[in-house]
Amino acid sequence: MPSDLDFENLVTLYYRDLYRFAFSMTRSESDASDLTQQTFYIWARKGDRLRDPASVKSWLFTTLHREFLQLLRQRSRFSGEELSEMTDELPSIAPEAINQIDARTVVQLLGQMEETFRAPLVLYFMEDLSYKEIAETLGVPLGTVQSRIARGKAHLYRLIADATEKKPGGAS
Amino acid sequence: MNSRDAKQILWIYRAGTDRDEPQFADALSAMVRDSELRRWVEQQDVVFQAVRRKLSGIDVPRDLREKIVRQRPIEHSTTQWLRPVLQIAAVLLVFASLTTFWLRSHPKNNFAAYEGYVTRLVSGKYHMSYESNDRERIRLFLERNQAPAQYALPPALTRTTALGCATLSWSGNPVSMLCFTDAQQRKLWLFVTSRDSIPDSPRKATPSFEQHAKGFVSASWTANGYTYVLTMQGDAQVLSEYL
């Protein structure tokens with residue numbers, strides 16, 4: 001069971017990452033704040049059941065993701081773009097193109113993708129989790145996670161390329 | 001392995017994280033011999049880091065940390081060393097309670113005890129489990145935490161501002177506590193639990209009033225399978241304005 005100090009330390013350590021993960025998926029500050037608060041609320045009530053202290057981070061992300069799925073079910077908002085199969089042609093974007101867009105645009109572009117691709121992709125980019133840890137966090141097989149990351153990344157890069165081409169002064 | 005195959009494998013490779021992942025070993029070896037492949041991987045890493053920086057730059061609300069810490073459930077505010085002592089005390093308390101129950105055959109789970117409990121609770125120090133002015137978000141929070149959420153608020157309560165909620169327990173049954181404030185900054189609390197939680201719950205949908213210690217007044221009624229207690233500091237006349 002965590003003490004007061006442990007709880008506060010835990011919040012200090014992870015609340016930003018959890019919020020950013022939640023915001024990347026919901027694109028809503030209120031929803032992201034709620035999900036982050038709810039995750040720590042569940043931790044405060046049930047965290048003592050976790051036997052391995054090393055897996056706290058993974059537990060928090062797993063819990064937040066589960067709560068996010070529940071939120072989606074409650075709002076019946078399970079819609080999104082289906083991604084096309086991974087093609088041999090890997091998209092290419094110049095590093096400078098990324099600098100033309102801000103974080104909100106990246107989140108908006110992520111929001112155009114189906115949740116099954118968005119969650120692994122955000123964990124892939126934001127967290128130093130191994131593929132095995134990402135798979136465990138999301139409760140899907142390792143191969144599936146890697147496939148979703150590869151396809152999702154290709155799709156995101158194409159969306160970024162399109163977005164920067166449309167911006168004035170963007171790459172042509 | 002040719003350059004094209006290596007690129008397919010290294011497409012998801014993260015230089016800082018995946019160095020020891022065996023699935024990339026052969027493709028990374030090919031990179032040593034292929035300068036064009038090496039440049040491609042380096043460029044991919046620059047783009048990866050740029051996207052990563054964007055996502056890590058998402059602003060986090062300034063008060064979020066404090067909100068999370070403040071809304072921590074009460075039952076976990078004990079320090080580590082105190083826990084075994086409290087566990088023993090809890091066992092003794094349960095034993096004493098059971099003995100008292102057995103001797104007196106007088107169950108404490110009655111509506112008067114419940115009403116007394118909720119009014120004492122709000123007259124002292126308590127924690128809110130969730131703070132929000134959004135009534136639907138409050139309902140969603142309660143639903144997520146298996147607390148009564150399909151309640152019907154008295155129409156006059158729409159004149160107040162919601163402040164948040166807490167999840168409580170009475171005789172092992174979940175209770176939702178909703179907190180409101182009116183235009184005069186007076187607080188009102190609404191407690192909702194299943195009618196079956198309390199054997200002698202009010203049967204009528206018409207509120208009945210009760211005055212309590214510290215100037216608290218409560219109104220209670222039952223509707224749609226729920227028993228409601230609305231309480232505030234003041235008298236029945238003021239409280240009836242919100243029913």
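Between A:THR144, A:THR26, A:THR63, where does the largest GNM mean-square fluctuation fall for chain A, given springs only between Cα atoms within less than 10 Å?
A:THR144
Using a Cα-Cα cut-off of under 16 Å, which aspartates and glutamates could be cross-linked to A:LYS57, ignoring same-chain neighbours fewer than 8 residues away?
A:ASP6, A:GLU8, A:ASP17, A:ASP48, A:GLU67, A:GLU127, A:ASP128, A:GLU133, A:GLU136
Rounded to the nearest 20 debye, what is the charge dipole size of the protein assembly as shown about its Cα centre when +1 sits on each Lys and Arg Cβ and -1 on each Asp and Glu Cβ?
Charge dipole of the protein assembly as shown: 1080 debye, to the nearest 20.
Let's see if you can work this out: charge +1 on each Lys and Arg Cβ, -1 on each Asp and Glu Cβ, no other charges. What is the dipole magnitude of the stretch A:3-74 about its Cα centre, in debye to the nearest 20?
It comes to approximately 300 debye.
Please count, across chain B, the pairs of lysine residues with Cα atoms under 24 Å apart that sit 8 or more places apart or on different chains.
For chain B, the number of qualifying lysine pairs is 8.
Whenever you get a sec, compute what percent of the accessible area on the stretch A:92-155 sits on carbon and sulfur atoms (1.4 Å probe).
Carbon-and-sulfur percentage of accessible area, whole number: 48.
Average partner chain C-beta neighbours within 10 Å, per residue of B:125-132?
The mean count of partner-chain Cβ atoms within 10 Å per residue comes to 2.
In whole Å, what is the distance between the alpha-carbon centres of the stretch B:1-67 and the stretch A:129-162?
A separation of 12 Å, based on Cα centres.
Using every pair of alpha-carbon atoms in the protein assembly as shown, split the distances into 10 Å bins beginning at 0 and state the percent of pairs per bin, rounded to integers.
Result, from short to long distances: 4, 18, 24, 20, 15, 10, 6, 3, 0 percent.
Would you mind checking which residues have amide H under 5 Å from B:TYR226's amide H? H placed 1.01 Å from N; only 5 or more apart, or other chain.
Hits under the 5 Å cutoff: B:ARG195.
Say R0 is 56 Å: what FRET efficiency, to the nearest 0.05, do B:ASP196 and B:SER56 get from their beta-carbon distance?
0.65
How shielded is A:124-131 by partner chains, expressed as the average number of their Cβ atoms within 10 Å of its Cβ atoms?
5
Treat every Asp and Glu Cβ in the stretch B:115-243 as -1 and every Lys and Arg Cβ as +1, leave all other atoms uncharged, and give the resulting dipole magnitude about the Cα centre to the nearest 20 debye.
The dipole magnitude comes to about 120 debye.
For B:LEU163, enumerate residues with amide H under 5 Å from its amide H, sequence gap 5+ or separate chain, H modeled in the peptide plane.
B:CYS179, B:PHE180, B:THR181
Could you tell me which residue out of B:SER176, B:THR119, B:GLY215 lies farthest along the dipole of the protein assembly as shown toward its positive end? Charges go on the beta carbon: Lys and Arg +1, Asp and Glu -1, centred on the Cα centre.
About the Cα centre, the residue reaching furthest to the positive side is B:GLY215.
Determine one quarter of the surface area of the Cα convex hull of chain B, which equals its mean projected area, and express it in nm² to one decimal.
Mean shadow area of the hull around the Cα atoms is 21.5 nm².
What FRET efficiency comes out for the pair A:VAL140/B:GLU21, r = Cβ-Cβ distance, R0 = 22 Å, nearest 0.05?
0.80
Scan around B:VAL175 for amide H atoms under 5 Å from its own, H built in the peptide plane at 1.01 Å from N, and keep only partners 5 or more places away or cross-chain.
HN-HN under 5 Å from B:VAL175: B:LEU168, B:SER169, B:TRP170.
Distance between Cα centroids, the stretch B:132-155 to the stretch A:29-67: provide it in whole Å.
21
The values are calculated or read from the model by the stated rules, or taken from the named source; none is laboratory data. From a predicted model like this one, the values you see are computed outputs, not experimental measurements. Cβ sites come from the backbone with ideal geometry, for glycine too, and all protein chains shown count toward neighbours. Please note that ligands, DNA and RNA were not included when accessible areas were found on the heavy atoms of the full protein model with its side chains. Shrake-Rupley method; radii C 1.70, N 1.55, O 1.52, S 1.80 Å.
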